[in-house]
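Participant: My structure is below; once you've seen it, I'll send some questions.
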Amino acid sequence: MTELQKRPLPVRTRRHSDGIPMNDLFRNTNPTANPTPAQTTDPTRARTTDPARARTTDPTPDRAAAGPGASVPLPRRPPPAEPDLTERPGPAVPGWVAVLTGLTALTGAAAALWRARPLRTVELPPWQWAALACCAVVAVVCFGGLTRGRTGSAWVLSLFGRYRGSVRRTGLVWISPFVLRRRIDVRLRHWRSEPIAVVDAEGSALRVVVLVVWSVRDTARALLAVDDHLGYLREQVEAASARVLSQLPADAFRGDAPTLRDAEAVGDALTRMLAAECRPVGIAVFSAQPTRIEYAPEVAAAMRRRQIAVLDAKHRDSVLTGVIDAVDDTVTRLTTRGLVALDDFERQALVKDLTVAFYTRSGGPAEPNQE
(Lines give C-alpha, C1' and ligand atoms only; values in the text may rest on other atoms or scores of the structure.)
Protein backbone atom coordinates (compact mmCIF):
# COMPACT_ATOMS: atom_id res chain seq x y z
CA MET A 1 0.00 0.00 0.00
CA THR A 2 1.41 3.32 -1.02
CA GLU A 3 1.62 6.10 1.51
CA LEU A 4 -0.69 9.02 0.92
CA GLN A 5 1.09 12.23 0.06
CA LYS A 6 0.16 15.32 1.97
CA ARG A 7 -1.09 18.15 -0.15
CA PRO A 8 0.48 21.53 0.62
CA LEU A 9 -1.88 24.06 2.10
CA PRO A 10 -2.69 27.01 -0.13
CA VAL A 11 -0.90 30.19 0.82
CA ARG A 12 -3.01 33.31 0.89
CA THR A 13 -1.67 36.79 1.29
CA ARG A 14 -3.58 39.73 2.64
CA ARG A 15 -2.97 42.92 0.78
CA HIS A 16 -4.17 46.37 1.73
CA SER A 17 -6.74 47.97 -0.54
CA ASP A 18 -4.39 50.91 -1.13
CA GLY A 19 -1.30 48.74 -1.67
CA ILE A 20 0.18 48.75 -5.17
CA PRO A 21 2.68 45.94 -5.82
CA MET A 22 5.65 46.94 -7.87
CA ASN A 23 4.91 44.43 -10.65
CA ASP A 24 1.45 45.98 -11.16
CA LEU A 25 2.59 49.57 -11.62
CA PHE A 26 2.61 49.57 -15.41
CA ARG A 27 -0.17 46.99 -15.84
CA ASN A 28 -3.66 47.69 -17.13
CA THR A 29 -6.00 47.57 -14.14
CA ASN A 30 -9.28 47.43 -16.10
CA PRO A 31 -10.87 44.07 -15.20
CA THR A 32 -13.45 44.26 -18.02
CA ALA A 33 -10.98 44.80 -20.87
CA ASN A 34 -10.20 41.12 -21.58
CA PRO A 35 -12.31 38.82 -19.41
CA THR A 36 -11.16 35.27 -19.09
CA PRO A 37 -13.45 32.35 -19.98
CA ALA A 38 -13.65 31.34 -16.31
CA GLN A 39 -14.96 34.79 -15.40
CA THR A 40 -17.60 34.77 -18.13
CA THR A 41 -18.91 31.20 -17.96
CA ASP A 42 -18.45 29.92 -14.41
CA PRO A 43 -21.07 31.50 -12.08
CA THR A 44 -19.47 30.04 -8.96
CA ARG A 45 -16.37 32.18 -9.42
CA ALA A 46 -18.17 35.44 -10.01
CA ARG A 47 -17.15 36.67 -6.58
CA THR A 48 -13.49 36.82 -7.59
CA THR A 49 -14.15 39.46 -10.26
CA ASP A 50 -14.28 42.19 -7.61
CA PRO A 51 -10.85 43.90 -7.73
CA ALA A 52 -10.83 44.74 -4.01
CA ARG A 53 -11.78 41.15 -3.02
CA ALA A 54 -9.29 39.67 -5.48
CA ARG A 55 -6.47 41.77 -4.02
CA THR A 56 -7.21 40.56 -0.50
CA THR A 57 -7.70 36.84 -1.18
CA ASP A 58 -5.67 35.85 -4.24
CA PRO A 59 -1.97 35.13 -3.80
CA THR A 60 0.52 37.36 -5.48
CA PRO A 61 1.83 36.32 -8.93
CA ASP A 62 5.36 36.11 -7.61
CA ARG A 63 4.36 33.82 -4.75
CA ALA A 64 2.22 31.63 -7.02
CA ALA A 65 5.09 31.23 -9.47
CA ALA A 66 7.63 30.52 -6.75
CA GLY A 67 5.52 27.85 -5.06
CA PRO A 68 3.97 27.46 -1.62
CA GLY A 69 7.25 26.95 0.17
CA ALA A 70 9.14 29.91 -1.25
CA SER A 71 9.55 33.14 0.70
CA VAL A 72 8.51 36.15 -1.36
CA PRO A 73 8.50 39.64 0.18
CA LEU A 74 5.04 41.14 0.56
CA PRO A 75 4.19 44.37 -1.27
CA ARG A 76 4.74 47.53 0.69
CA ARG A 77 1.65 49.02 2.31
CA PRO A 78 0.97 52.74 2.79
CA PRO A 79 0.78 54.11 6.34
CA PRO A 80 -2.53 53.45 8.13
CA ALA A 81 -5.04 56.23 8.65
CA GLU A 82 -6.64 57.03 11.98
CA PRO A 83 -10.34 56.11 11.70
CA ASP A 84 -11.44 58.55 14.41
CA LEU A 85 -9.64 61.53 12.90
CA THR A 86 -11.94 62.49 10.02
CA GLU A 87 -13.13 65.91 8.94
CA ARG A 88 -16.61 66.85 10.17
CA PRO A 89 -18.52 70.16 10.28
CA GLY A 90 -17.55 72.36 13.21
CA PRO A 91 -19.80 74.54 15.38
CA ALA A 92 -20.37 77.81 13.55
CA VAL A 93 -23.29 80.10 12.80
CA PRO A 94 -23.76 82.91 10.28
CA GLY A 95 -22.25 86.20 11.34
CA TRP A 96 -25.48 88.20 11.14
CA VAL A 97 -26.98 86.05 13.92
CA ALA A 98 -24.08 86.90 16.25
CA VAL A 99 -24.25 90.59 15.33
CA LEU A 100 -28.00 90.70 15.99
CA THR A 101 -27.58 88.91 19.33
CA GLY A 102 -24.77 91.23 20.44
CA LEU A 103 -26.72 94.33 19.49
CA THR A 104 -29.73 93.02 21.40
CA ALA A 105 -27.59 92.47 24.52
CA LEU A 106 -26.12 95.97 24.27
CA THR A 107 -29.58 97.46 23.78
CA GLY A 108 -30.89 95.68 26.89
CA ALA A 109 -27.93 96.87 28.97
CA ALA A 110 -28.35 100.45 27.76
CA ALA A 111 -32.08 100.37 28.53
CA ALA A 112 -31.42 99.11 32.08
CA LEU A 113 -28.88 101.85 32.73
CA TRP A 114 -31.17 104.50 31.27
CA ARG A 115 -34.01 103.51 33.59
CA ALA A 116 -31.69 103.69 36.62
CA ARG A 117 -30.18 107.05 35.61
CA PRO A 118 -32.57 109.39 37.59
CA LEU A 119 -31.99 107.39 40.77
CA ARG A 120 -28.40 108.49 41.28
CA THR A 121 -28.53 108.15 45.04
CA VAL A 122 -30.12 104.69 44.95
CA GLU A 123 -27.94 101.68 44.33
CA LEU A 124 -28.97 99.10 41.73
CA PRO A 125 -30.28 95.82 43.08
CA PRO A 126 -28.11 92.74 42.64
CA TRP A 127 -30.35 91.20 39.97
CA GLN A 128 -29.87 94.28 37.78
CA TRP A 129 -26.10 94.07 38.17
CA ALA A 130 -26.28 90.39 37.20
CA ALA A 131 -28.40 91.26 34.16
CA LEU A 132 -25.92 93.94 33.10
CA ALA A 133 -23.01 91.52 33.53
CA CYS A 134 -24.81 88.86 31.44
CA CYS A 135 -25.50 91.38 28.68
CA ALA A 136 -21.85 92.47 28.67
CA VAL A 137 -20.63 88.86 28.51
CA VAL A 138 -23.05 88.03 25.70
CA ALA A 139 -21.95 91.09 23.72
CA VAL A 140 -18.26 90.29 24.20
CA VAL A 141 -18.74 86.64 23.16
CA CYS A 142 -20.85 87.58 20.12
CA PHE A 143 -18.50 90.23 18.80
CA GLY A 144 -15.33 88.40 19.86
CA GLY A 145 -16.21 85.28 17.84
CA LEU A 146 -16.80 87.07 14.55
CA THR A 147 -14.34 86.13 11.81
CA ARG A 148 -14.12 86.16 8.05
CA GLY A 149 -14.28 82.95 6.08
CA ARG A 150 -12.40 83.13 2.80
CA THR A 151 -12.98 81.08 -0.33
CA GLY A 152 -10.35 78.37 -0.67
CA SER A 153 -9.55 78.11 3.02
CA ALA A 154 -11.03 76.45 6.09
CA TRP A 155 -10.81 76.79 9.87
CA VAL A 156 -9.77 73.74 11.93
CA LEU A 157 -11.15 73.97 15.47
CA SER A 158 -9.72 72.30 18.56
CA LEU A 159 -10.50 72.59 22.26
CA PHE A 160 -8.00 71.45 24.89
CA GLY A 161 -6.15 69.45 22.23
CA ARG A 162 -9.27 67.67 20.94
CA TYR A 163 -10.51 68.09 17.41
CA ARG A 164 -13.91 69.81 17.35
CA GLY A 165 -14.58 70.14 13.61
CA SER A 166 -13.78 72.18 10.51
CA VAL A 167 -15.55 75.25 9.15
CA ARG A 168 -15.59 75.85 5.38
CA ARG A 169 -18.10 78.73 5.43
CA THR A 170 -17.32 81.95 3.57
CA GLY A 171 -18.19 85.51 4.49
CA LEU A 172 -18.91 86.71 8.01
CA VAL A 173 -18.97 83.71 10.36
CA TRP A 174 -19.23 83.36 14.12
CA ILE A 175 -17.02 80.77 15.80
CA SER A 176 -16.76 80.30 19.52
CA PRO A 177 -13.86 82.39 20.87
CA PHE A 178 -13.05 79.65 23.39
CA VAL A 179 -11.75 77.21 20.74
CA LEU A 180 -8.39 77.31 19.00
CA ARG A 181 -8.74 78.24 15.32
CA ARG A 182 -6.15 77.36 12.68
CA ARG A 183 -6.54 78.25 9.02
CA ILE A 184 -5.57 75.81 6.26
CA ASP A 185 -5.53 76.24 2.49
CA VAL A 186 -7.87 73.86 0.62
CA ARG A 187 -7.42 75.26 -2.90
CA LEU A 188 -6.14 73.24 -5.85
CA ARG A 189 -2.38 73.67 -5.82
CA HIS A 190 0.60 72.54 -7.86
CA TRP A 191 4.20 71.99 -6.86
CA ARG A 192 7.27 71.48 -9.03
CA SER A 193 10.07 69.54 -7.44
CA GLU A 194 13.76 70.18 -7.70
CA PRO A 195 15.83 67.70 -9.79
CA ILE A 196 15.58 64.37 -7.94
CA ALA A 197 18.45 61.88 -8.16
CA VAL A 198 17.15 58.40 -9.13
CA VAL A 199 18.39 55.36 -11.05
CA ASP A 200 16.63 53.37 -13.77
CA ALA A 201 16.31 49.61 -14.12
CA GLU A 202 19.84 49.37 -15.64
CA GLY A 203 21.45 51.36 -12.82
CA SER A 204 22.01 54.55 -14.82
CA ALA A 205 21.89 57.75 -12.77
CA LEU A 206 19.01 60.07 -13.72
CA ARG A 207 17.69 63.48 -12.78
CA VAL A 208 13.89 63.86 -12.81
CA VAL A 209 11.61 66.85 -12.19
CA VAL A 210 8.03 66.06 -11.13
CA LEU A 211 4.99 68.34 -11.30
CA VAL A 212 2.32 67.45 -8.71
CA VAL A 213 -1.27 68.77 -8.72
CA TRP A 214 -2.86 68.28 -5.30
CA SER A 215 -5.23 69.69 -2.72
CA VAL A 216 -6.19 69.14 0.90
CA ARG A 217 -9.20 66.83 0.99
CA ASP A 218 -9.42 66.15 4.75
CA THR A 219 -8.40 69.19 6.80
CA ALA A 220 -8.35 67.30 10.10
CA ARG A 221 -5.84 64.73 8.92
CA ALA A 222 -3.73 67.25 7.01
CA LEU A 223 -3.29 69.47 10.06
CA LEU A 224 -3.39 67.00 12.96
CA ALA A 225 -2.24 63.62 11.60
CA VAL A 226 1.14 64.90 10.38
CA ASP A 227 3.52 67.62 11.50
CA ASP A 228 3.84 69.30 8.08
CA HIS A 229 1.63 68.00 5.27
CA LEU A 230 3.52 69.94 2.58
CA GLY A 231 6.86 68.53 3.75
CA TYR A 232 5.30 65.06 3.86
CA LEU A 233 4.16 65.47 0.24
CA ARG A 234 7.64 66.50 -0.89
CA GLU A 235 9.28 63.53 0.78
CA GLN A 236 6.73 61.13 -0.70
CA VAL A 237 7.28 62.54 -4.19
CA GLU A 238 10.99 61.77 -3.91
CA ALA A 239 10.37 58.27 -2.56
CA ALA A 240 7.69 57.41 -5.13
CA SER A 241 9.84 58.70 -8.00
CA ALA A 242 12.74 56.51 -6.88
CA ARG A 243 10.46 53.42 -6.73
CA VAL A 244 8.61 53.95 -10.02
CA LEU A 245 11.53 55.02 -12.20
CA SER A 246 13.64 52.07 -11.07
CA GLN A 247 11.27 49.62 -12.81
CA LEU A 248 12.09 50.57 -16.43
CA PRO A 249 15.22 51.63 -18.33
CA ALA A 250 15.55 55.18 -19.54
CA ASP A 251 16.19 54.09 -23.14
CA ALA A 252 15.76 50.80 -24.98
CA PHE A 253 19.05 50.28 -26.81
CA ARG A 254 18.06 46.72 -27.71
CA GLY A 255 14.61 46.09 -29.14
CA ASP A 256 11.41 48.02 -28.53
CA ALA A 257 10.95 47.36 -24.80
CA PRO A 258 8.94 49.87 -22.71
CA THR A 259 11.03 52.73 -21.35
CA LEU A 260 10.68 55.78 -19.16
CA ARG A 261 10.12 57.90 -22.28
CA ASP A 262 6.46 56.84 -22.14
CA ALA A 263 5.39 59.83 -20.05
CA GLU A 264 1.74 58.76 -19.85
CA ALA A 265 2.45 55.33 -18.36
CA VAL A 266 5.09 56.65 -15.98
CA GLY A 267 2.85 59.51 -14.87
CA ASP A 268 -0.10 57.17 -14.28
CA ALA A 269 1.99 54.81 -12.15
CA LEU A 270 3.52 57.69 -10.20
CA THR A 271 0.09 59.26 -9.61
CA ARG A 272 -1.45 56.04 -8.28
CA MET A 273 1.44 55.35 -5.92
CA LEU A 274 1.63 58.92 -4.64
CA ALA A 275 -2.15 59.10 -4.13
CA ALA A 276 -2.08 55.91 -2.07
CA GLU A 277 0.77 57.23 0.10
CA CYS A 278 -0.82 60.65 0.73
CA ARG A 279 -4.42 59.55 1.29
CA PRO A 280 -3.91 58.76 5.05
CA VAL A 281 -2.87 62.37 5.73
CA GLY A 282 -5.85 63.93 3.92
CA ILE A 283 -4.05 64.95 0.71
CA ALA A 284 -5.67 64.19 -2.66
CA VAL A 285 -3.16 63.84 -5.51
CA PHE A 286 -4.77 64.41 -8.90
CA SER A 287 -1.69 64.27 -11.13
CA ALA A 288 2.02 63.58 -10.78
CA GLN A 289 3.82 63.91 -14.10
CA PRO A 290 7.59 63.89 -14.74
CA THR A 291 8.29 67.04 -16.72
CA ARG A 292 11.95 66.24 -17.40
CA ILE A 293 13.90 62.99 -17.27
CA GLU A 294 17.56 63.26 -18.19
CA TYR A 295 20.80 61.51 -17.42
CA ALA A 296 23.02 62.74 -14.63
CA PRO A 297 25.95 64.95 -15.72
CA GLU A 298 28.51 62.27 -14.90
CA VAL A 299 26.98 59.74 -17.34
CA ALA A 300 25.30 62.08 -19.85
CA ALA A 301 28.22 62.11 -22.30
CA ALA A 302 28.59 58.30 -22.33
CA MET A 303 24.86 57.78 -22.80
CA ARG A 304 24.78 60.31 -25.61
CA ARG A 305 27.52 58.44 -27.47
CA ARG A 306 25.57 55.22 -26.92
CA GLN A 307 22.40 56.75 -28.31
CA ILE A 308 24.25 58.04 -31.36
CA ALA A 309 25.74 54.58 -31.96
CA VAL A 310 22.30 52.96 -31.73
CA LEU A 311 20.81 55.50 -34.14
CA ASP A 312 23.69 54.97 -36.57
CA ALA A 313 23.23 51.19 -36.42
CA LYS A 314 19.49 51.55 -37.10
CA HIS A 315 20.23 53.85 -40.03
CA ARG A 316 22.75 51.42 -41.48
CA ASP A 317 20.30 48.55 -41.09
CA SER A 318 17.51 50.43 -42.87
CA VAL A 319 19.86 51.51 -45.70
CA LEU A 320 21.19 47.98 -46.15
CA THR A 321 17.66 46.57 -46.28
CA GLY A 322 16.71 49.04 -49.00
CA VAL A 323 19.89 48.27 -50.98
CA ILE A 324 19.28 44.51 -50.84
CA ASP A 325 15.70 44.96 -52.04
CA ALA A 326 16.88 47.20 -54.92
CA VAL A 327 19.61 44.71 -55.99
CA ASP A 328 17.19 41.80 -55.89
CA ASP A 329 14.64 43.69 -57.98
CA THR A 330 17.29 44.73 -60.54
CA VAL A 331 18.75 41.24 -60.98
CA THR A 332 15.29 39.69 -61.21
CA ARG A 333 14.20 42.08 -63.94
CA LEU A 334 17.39 41.58 -65.98
CA THR A 335 17.12 37.79 -65.93
CA THR A 336 13.35 37.43 -66.39
CA ARG A 337 13.26 39.71 -69.42
CA GLY A 338 16.13 37.86 -71.06
CA LEU A 339 18.43 40.85 -71.25
CA VAL A 340 21.36 38.92 -69.79
CA ALA A 341 22.18 35.26 -69.24
CA LEU A 342 24.15 34.75 -66.05
CA ASP A 343 25.65 31.72 -64.44
CA ASP A 344 26.25 31.49 -60.69
CA PHE A 345 29.66 33.15 -60.77
CA GLU A 346 28.49 36.04 -62.95
CA ARG A 347 25.34 36.47 -60.80
CA GLN A 348 27.44 36.74 -57.63
CA ALA A 349 29.75 39.31 -59.25
CA LEU A 350 26.80 41.37 -60.50
CA VAL A 351 25.13 41.30 -57.10
CA LYS A 352 28.35 42.41 -55.46
CA ASP A 353 28.90 45.31 -57.87
CA LEU A 354 25.29 46.50 -57.60
CA THR A 355 25.34 46.27 -53.81
CA VAL A 356 28.50 48.38 -53.55
CA ALA A 357 27.16 50.95 -56.03
CA PHE A 358 23.73 51.29 -54.42
CA TYR A 359 25.10 51.29 -50.85
CA THR A 360 27.70 53.98 -51.63
CA ARG A 361 25.12 56.16 -53.35
CA SER A 362 22.69 55.78 -50.41
CA GLY A 363 25.18 57.20 -47.96
CA GLY A 364 27.05 54.10 -46.85
CA PRO A 365 30.86 53.89 -46.75
CA ALA A 366 32.62 52.67 -49.85
CA GLU A 367 35.03 49.77 -49.85
CA PRO A 368 38.68 50.67 -49.21
CA ASN A 369 39.92 49.08 -52.43
CA GLN A 370 37.23 50.70 -54.59
CA GLU A 371 38.61 53.22 -57.03
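Participant: Quick one: length gained pulling A130 to E264 fully straight, 0.36 nm per residue minus the C-alpha distance?
Facilitator: So the chain would gain 41.1 nm between A130 and E264.
Participant: In nm, to one decimal, how far is the A112 label point from the Q247 one, both placed 7 Å along Cα→Cβ?
Facilitator: That separation, rounded to one decimal, is 7.1 nm.
Participant: Considering only protein heavy atoms, what is the solvent-accessible area of E202 at a probe of 1.4 Å, reported in Å² to the nearest 10?
Facilitator: Around 100 Å² of this residue is reachable by solvent.
Participant: So who's got an amide H within less than 5 Å of the one on S204, skipping anything under 5 residues away but keeping other chains? H placed 1.01 Å off N, in plane.
Facilitator: Here the answer is none, since no amide H 5 or more places off falls under 5 Å of that of S204.
Participant: While we're looking at this one, here's another question. Please list the radius of gyration and Dmax for the range 163-224, considering alpha-carbon atoms only, with Å as the unit.
Facilitator: My reading of the Cα-based Rg and Dmax gives 19.3, 60 Å.
Participant: Another question, if that's okay. Return the sequence-ordered ³J(HN,Hα) values of the range 89-105 in whole Hz as given by the Karplus equation 6.51 cos²θ - 1.76 cosθ + 1.60 applied to θ = phi - 60°, using x for Gly and Pro.
Facilitator: Ordered by residue, 3J(HN,Hα) equals x, x, x, 7, 10, x, x, 5, 5, 5, 5, 5, 5, x, 5, 5, 5 Hz.
Participant: What order do E264, E277 take when sorted by accessible area (1.4 Å probe), most exposed first?
Facilitator: Ranked from most to least accessible, the order is E264, E277.
Participant: Calculate, in nm to one decimal, what T355 and S176 gain on full extension: separation in residues at 0.36 nm each, minus their alpha carbon distance.
Facilitator: 55.3 nm
Participant: Please compute the length gained on full extension between T291 and E235, using 0.36 nm multiplied by the number of residues separating them and subtracting their Cα-Cα distance.
Facilitator: Fully extending the segment from T291 to E235 adds 18.4 nm.
Participant: Leaving out ligands, DNA and RNA but keeping every protein chain, what accessible area does L103 have, in Å² rounded to the nearest 10, with a 1.4 Å probe?
Facilitator: Result for L103: roughly 90 Å² accessible.
Participant: If you don't mind, another one. For the range 248-295, what percent of Cα pairs sit more than 16 Å apart?
Facilitator: 47
Participant: Pop out the ³J(HN,Hα) list for the range 158-170 in order, Karplus 6.51 cos²θ - 1.76 cosθ + 1.60 with θ = phi - 60°, rounded to Hz; leave Gly and Pro as x.
Facilitator: Running phi through 6.51 cos²θ - 1.76 cosθ + 1.60 with θ = phi - 60° gives 8, 9, 6, x, 10, 5, 10, x, 10, 10, 10, 5, 10 Hz.
Participant: Here's another thing I want to ask about it. So, in nm, how far is label V137 from label F345 when the simple model puts each one 7 Å beyond its Cα toward the Cβ?
Facilitator: 12.5
The values are calculated or read from the model by the stated rules, or taken from the named source; none is laboratory data. If you're wondering where the values come from, they're calculated on a predicted model, not measured in any experiment. Glycine gets a Cβ as well: all are built from the backbone with ideal geometry, and neighbour counts include every protein chain shown. Side chains are part of the model used for accessible areas, which takes the heavy atoms of the whole protein and leaves out ligands, DNA and RNA. Shrake-Rupley method; radii C 1.70, N 1.55, O 1.52, S 1.80 Å.
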